[in-house]
1. How big is D, in µm² s⁻¹, for segment 34-119 by Stokes-Einstein at 10 °C and 1.306 mPa s if Rh is the Kirkwood radius over C-alpha pairs?
2. Hey, got the dipole for the chain? About the Cα centre, +1 on K and R Cβ, -1 on D and E Cβ, debye to the nearest 20?
3. How much length, in nm to one decimal, is gained on full extension between ILE31 and ASN55, taken as 0.36 nm per residue of separation minus their Cα-Cα distance?
4. Helix hunt in the chain: which complete DSSP H runs extend at least 20 Å axially by C-alpha with mean Kyte-Doolittle at least 0.5?
5. Mind ranking 114-120, 32-38, 48-54 by how tightly packed they are, going by the mean number of other C-beta atoms within 10 angstrom, highest first?
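Every number here is computed from the coordinates shown, using simple stated rules; none is lab data. Keep in mind that this is a model prediction, so the values were computed, not measured. Glycine also receives a Cβ, built like all others from the backbone with ideal geometry; neighbour counts cover every protein chain displayed.
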Amino acid sequence: MGTLGHVENGGTWIWTLIGGALLALLVVVLIRGWRWLSSRESRQLDDQVRNAHRNGDFRLAGDLQARRGNYAEAARLYAQGKEWLRQARALEHAGERETAAEAYMQAGDYASAAKLFEGLGDLTRAALCLQQSSSSPETQ
């Protein structure tokens with residue numbers, strides 16, 4: 001009888017081990033499923049960005065990247081589409097103030113460029129931008 005009891009206890013131990021392994025597997029599957037479902041919007045945005053880029057719509061691709069907070073990538077896309085003002089704003093959001101100021105100049109927004117250059121301590125370039133801004137036909 002001792003041998004039969006030993007087999008029954010061993011069998012219970014094996015079933016407990018199998019049940020634990022199945023439970024661990026279920027947890028892993030549920031976590032991966034949750035991650036997949038929660039990243040659905042990100043995957044859709046990726047698809048939209050790819051499609052816009054493929055179609056040469058750099059403004060839309062940049063807008064989509066800016067919407068997700070990826071301002072450096074948005075600025076790169078805006079530059080491809082020669083959207084200088086949008087590029088400048090994206091660069092400013094990304095913390096690239098000097099490059100943003102240069103993009104503002106490219107866009108013809110010398111007042112915004114001057115403000116950034118002044119904040120950077122580059123008073124010479126700020127003054128040049130203000131001078132350009134006051135002589136610009138748009139401001140007259």
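1. D = 120 µm²/s.
2. 360
3. Net length gain for the segment: 5.1 nm.
4. 2-38
5. 114-120, 48-54, 32-38
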